[in-house]
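K.L.:
Below are the structure tokens for one structure; questions will follow.
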Amino acid sequence: LSRSLAELAYQIPESVRYQQETSKPLLRRLVAKRFGAELAYRPKHAFSIPRKTWMTTAASSSTEQAILQSAPVRDGCLDRSGVQRLYTDIRRGGGKWYVDRTEELFSLLVFVAWWQRHLDGEDPRHAS
């Protein structure tokens, strides 16, 4: 936030900036003027991410190999066969007895990245 913008904002009286009945009244009035009241005064919507799609894509054999070669697997903290089963299950997909394991894959990837960064001193974003 620039200093000049902050100074401008503080010149607006509090009674205009803050209202008990609505949050962000100035922004909402501007949005209503430009895009309509329906958009400006609608309730908040949660933001969701397409994690299942991302994790299904992350279940590639190259990602699996990288995880299998990582220190947590090498050092015995993570079970190699369990990691392989996880990847196999996700790549297999659907079926009568299908259980979505993409949340487990997300947790695994976060754990390995944490390990690399905090225990191995690597930056997982730049690992080969």
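The values are calculated or read from the model by the stated rules, or taken from the named source; none is laboratory data. Note that the structure is predicted; figures quoted are calculated from it, not measured. Please note: Cβ atoms are built from the backbone with ideal geometry, for glycine as well, and neighbour counts cover all protein chains shown. Accessible surface is based on the protein model in full, side chains and every heavy atom, while ligands, DNA and RNA are left aside. Shrake-Rupley method; radii C 1.70, N 1.55, O 1.52, S 1.80 Å.
K.L.:
Loop-only GluC sites (Glu not before Pro) in segment 4-66, please: DSSP not H, G, I, E or B, and at most 15 other Cβ atoms within 10 Å.
P.N.:
For GluC sites (Glu not before Pro) across segment 4-66 that sit outside H, G, I, E and B with at most 15 neighbouring Cβ atoms in 10 Å, the list reads GLU21.
K.L.:
Could you pull the accessible area for ILE49 with a 1.4 Å probe, rounded to 10 Å²?
P.N.:
Spelled out: ILE49, probe radius 1.4 Å, area about 70 Å².
K.L.:
Then there is this: Which is the longest part of the chain that has none of the chymotrypsin sites (Phe, Trp or Tyr not before Pro) sitting in a DSSP loop with at most 11 other Cβ atoms within 10 Å?
P.N.:
48-96
K.L.:
Taking N as the number of residues in segment 41-128, what is its alpha-carbon radius of gyration divided by 2.2 N^0.38 Å?
P.N.:
Segment 41-128 yields a ratio of 1.28.
K.L.:
For the chain, what does the accessible surface come to per residue with a 1.4 Å probe? Please give it in Å².
P.N.:
Accessible area per residue, the chain: 78 Å².
K.L.:
Rounded to the nearest 0.05, what FRET efficiency do SER62 and ALA32 give with R0 = 30 Å and r taken as the Cβ-Cβ distance? Could you check?
P.N.:
E between SER62 and ALA32, to the nearest 0.05, is 0.05.
K.L.:
What's the extension gain from ARG42 to GLN20 if we count 0.36 nm per residue and subtract their Cα-Cα distance?
P.N.:
Gain on extension, ARG42 to GLN20, equals 6.3 nm.
K.L.:
Also: Could you work out the relative contact order of the chain, using alpha carbon pairs under 8 angstrom and six or more residues apart, expressed as a whole percent?
P.N.:
Rounded, it is 17 percent for the chain.
K.L.:
Going through segment 50-128, which trypsin sites (Lys or Arg not before Pro) have at most 14 other Cβ atoms within 10 Å and a DSSP loop state?
P.N.:
Within segment 50-128, the qualifying trypsin sites (Lys or Arg not before Pro) (loop, at most 14 other Cβ atoms within 10 Å) are LYS96.
K.L.:
Okay, moving on. How much accessible surface does SER15 have with a 1.4 Å probe, in Å² rounded to 10?
P.N.:
We get 90 Å² for SER15.
K.L.:
Using Cα atoms only, what is the angle between the long axis of helix 102-118 and the major principal axis of the chain, expressed in degrees (0 to 90) to the nearest 10?
P.N.:
Tilt relative to the chain: about 90 degrees.
K.L.:
Let me ask something additional. Roll a 1.4 angstrom probe over the protein heavy atoms and tell me the percent of accessible area of the chain that is carbon or sulfur.
P.N.:
That fraction is 55 percent.
K.L.:
Pull out a ≥ b ≥ c, the square roots of the eigenvalues of the alpha-carbon gyration tensor of segment 1-98, then state rounded if a/c is under 1.5, prolate if not and a/b is larger than b/c, and oblate in the remaining case.
P.N.:
It is prolate, given that a/c is not under 1.5 and a/b is the larger ratio.
K.L.:
Now for a different question. What is the magnitude of the charge dipole of the chain about its Cα centre, with +1 placed on the Cβ of each Lys and Arg, -1 on the Cβ of each Asp and Glu, and no other charges, expressed in debye to the nearest 20?
P.N.:
With only Lys, Arg, Asp and Glu charged at Cβ, the dipole is about 660 debye.
K.L.:
Given the Cα-Cα distance of HIS118 and THR88 and 0.36 nm per residue of separation, how much length would full extension add, in nm?
P.N.:
8.0 nm
K.L.:
Roughly what would the spin-label model give for TRP54 and PHE111, points 7 Å off Cα along C-beta, in nm?
P.N.:
For TRP54 paired with PHE111, the spin-label model returns 1.9 nm.
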